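Quick notes on the structure that follows.
The values are calculated or read from the model by the stated rules, or taken from the named source; none is laboratory data. Keep in mind the model is a prediction, meaning the values are calculated, not measured. Glycine also receives a Cβ, built like all others from the backbone with ideal geometry; neighbour counts cover every protein chain displayed.
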Amino acid sequence: MSETSCAALVKKADPDRFLSVMAAPPAARAPLFAIYAFNVEVSRAPWMTQEAMIAEMRLQWWRDVLDEIAEGKAARAHEVAEPLARVLDAQGAEILDRLVVARRWDIYRDPFEDEAHLHAYLQDTSGGLMWVAARALGLRSEEAAVRDIGFALGVANWLRAVPALEAQGRIPLVDGRPEAVAALARLGLSRLNARVGDGRGYPALRAAWQAGPILRLAARHPERVAQGRLGLSEFKRKGLLVMKSTLGRY
C-alpha cells in the first residue's frame, strides 16, 4: 500500500515525473515513485505554513528520516519513509540530505546571493534527485553526466515556476533581464548535452524529456518566462515522451 500511496502522491503533485515513471519498465517504478514522493513531501514542506519555524521542523523531520536510513535503523511508520528506506543506501541518503538543506531557501524571502548560489540550489535539488534515482536503478558511474542532465531539468522547471514564485513573494532569479534569462536557459541546454552510456539509469533520466524544448523556447523567447508561457502542448508533451520511451532514449 505504501508504494501505491507514493504513486498517487506523485501523480497528483508532480504529474510530469509520474508520466516518466509510467513509461519506465515495471521493475523501475517502485524505486522511482518512492524517491519522487520524497521529493514531493520535501518540496512542499516550506509552503504548507507561514511559520518559518514550523517549516524548518518539517524539513528537519525528513533529515532525521534520512539519518536513520543512513545508519541502517528501522524505517519510520510513514507512507513515504518506509518505501524510501527500501531503495536508499547511506550514500543516497546523504545526497538527499543536501536536497533537504537546499530547500530551506524556499522558506524565506531572501534572494540568492549570486548566480553560483542559484546553480548550487538547482544542482543539490534537481541534479541530486536525478543521481539518487539513477543509483536506485543500479547505476554507479557517470555521476557528473547524470547530475548535468538533472541540473538542466532543474533550470527548465525553475523557469516555468518563476511567475508562481514571484507571486509568493520570492525572488527566483538573480538577474531577471531577458538576456540573463536566455543565458540561464542556454546553460541548461549545454548541460543537457551530457551523455550517459549505461542504460540502467535511463528511466530516471527520462524525467527530463521536456527539458530540451522548454529551454530552447526560453533561450529564444525569454519574455515568456515572466508570462508563464513555457509549457508544451499536451499533444507535444505526451508525444515526445512516447517517442523517447519507444526509442529507448532519455
### Query
Looking only at region 64-80, which residues are free of Cβ contacts under 8 Å to residues at least 40 places away in the same chain and either buried (at least 20 other Cβ atoms within 10 Å of the Cβ) or within 20 Å of residue 140 (Cα to Cα) (or both)?
65, 66, 69, 70
### Message
Residue pairs, Cβ under 7 Å, 6 or more apart or interchain, first in region 97-115 and farther than 12 Å from residue 45 by Cα, second charged (D, E, K, R) and part of a helix (DSSP H, G or I). List them.
### Response
97/63; 98/124; 99/124; 102/124
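With the structure loaded, tell me whether residue 155 is aliphatic (A, V, I, L, M) and over 26 Å from residue 182 (Cα atoms) or whether it fails that test.
no
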### Task
Please tell me if residue 173 is farther than 26 Å from residue 26 by Cα and part of a helix (DSSP H, G or I).
no
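Just need a number here: residues in region 122-159 that are within 21 Å of residue 226 (Cα to Cα) and not aromatic (Phe, Trp, Tyr).
8
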### Task
Could you check region 43-130 for helices (runs of 4 or more DSSP H) lying wholly inside it with 3 or more residues that are not assigned by TED's automatic domain parsing to the domain that holds residue 185?
52-70, 81-87, 90-102
#### Entry: All positions within region 185-201 that are buried (at least 19 other Cβ atoms within 10 Å of the Cβ) and either in contact (Cβ under 8 Å) with a residue 60 or more places away in the chain or β-branched (Val, Ile, Thr) (or both)
196, 201
#### Entry: Residue tally, condition assigned to a helix (DSSP H, G or I) and over 15 Å from the mean Cα position of the chain (by Cα), over region 13-30
6
### Query
When you go through 145, 152, 164 one by one, which is the residue that is assigned by TED's automatic domain parsing to the domain that holds residue 223, part of a helix (DSSP H, G or I) and touching a Gly at 6+ places or on another chain (Cβ under 7 Å)?
152
### Message
Please verify whether residue 234 is over 17 Å from the mean Cα position of the chain (by Cα), without any contact (Cβ under 8 Å) to a residue 24 or more places away in the chain, surrounded by fewer than 18 Cβ atoms within 10 Å (Cβ to Cβ) and farther than 21 Å from residue 95 by Cβ, treating the condition exactly as stated.
### Response
yes
### Message
Yes or no: region 30-42 includes at least one residue that is touching a residue at least 24 places away in the same chain (Cβ under 8 Å), among the polar types (S, T, N, Q) and not assigned by TED's automatic domain parsing to the domain that holds residue 247.
### Response
yes
### Query
Limited to region 210-230, what total is found for residues that are closer than 13 Å to residue 250 by Cα and either modelled with pLDDT under 95 or touching an Asp or Glu at 6+ places or on another chain (Cβ under 8 Å) (or both)?
1
